[in-house]
Amino acid sequence: MTQIQRFHLTKRYSEAAIYNNVVYLAGQVPENSDNEVYAQTQEVLGLIDKLLSEANSDKSRILSCQIFLADMKDYAEMNRAWDEWIASNNAPPRACVEAKLADPKWKVEIVVTAAIK
């Protein structure tokens, strides 16, 4: 049986888990919640880069992405950060919805699943 690897494990959750050469990330949120959505998105994408790298993956191997916005009026600014980050010829399947996030100062939360190299 294939082992499940967990990274940055706490009592409540882990930041990432690997199973069958796929890495599943927990929802990533900004550490600096005082910024506007563009800067929050940039920060979250940087956190995703770090976790994917730790799991021997990268953004070119994302299989699926779910984006949660506190307010859909921020969609264009979130997309501006996303478009600067993702390779235009390698964009993964993605969903984006409006959701009430756990911290009212968070404007964005992103969940990705990616293949391991």
Number of the condition not met by Met78 [criteria: (1) closer than 28 Å to Gln5 by Cα; (2) in contact (Cβ under 8 Å) with a residue 24 or more places away in the chain; (3) among the hydrophobic types (A, V, I, L, M, F, W, C)] = (1)
Condition broken by Ala16, with the remaining ones in (1) touching a Phe, Trp or Tyr at 6+ places or on another chain (Cβ under 6 Å); (2) within 21 Å of Thr2 (Cα to Cα); (3) surrounded by fewer than 18 Cβ atoms within 10 Å (Cβ to Cβ); (4) small (Gly, Ala, Ser) satisfied | (3)
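Looking only at residues that are more than 12 Å from the chain's Cα centre (by Cα) and either surrounded by fewer than 14 Cβ atoms within 10 Å (Cβ to Cβ) or not basic (Lys, Arg) (or both) in the stretch 50-62, which one is nearest to Ile18 (Cα to Cα)? Give the derivation first.
In the first step, residues of the stretch 50-62 are kept if they are more than 12 Å from the chain's Cα centre (by Cα); the result is 53-57, 60-61.
Next, only the ones that are either surrounded by fewer than 14 Cβ atoms within 10 Å (Cβ to Cβ) or not basic (Lys, Arg) (or both) stay: 53-57, 60.
Numbers: Ser53: 13, Glu54: 11, Ala55: 8, Asn56: 10, Ser57: 11, Ser60: 17 Å.
Selected residue: Ala55.
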Within the stretch 68-93, restricting to residues that are of a type outside the set (Gly, Ala, Ser) and part of a loop (DSSP other than H, G, I, E, B), the one that is surrounded by the fewest Cβ atoms within 10 Å (Cβ to Cβ) is Pro93
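Take Leu47 and decide whether it is in a helix (DSSP H, G or I) and either crowded, with 18+ Cβ neighbours inside 10 Å or of a type in the set (Phe, Trp, Tyr) (or both). Working first, answer last.
Numbers: in a helix (DSSP H, G or I): yes; either crowded, with 18+ Cβ neighbours inside 10 Å or of a type in the set (Phe, Trp, Tyr) (or both): no.
Criteria not met by Leu47.
Since every read-out is calculated from the coordinates, none of them should be taken as a lab result. All values reported here derive from a predicted model rather than from experimental measurement. Cβ sites come from the backbone with ideal geometry, for glycine too, and all protein chains shown count toward neighbours.
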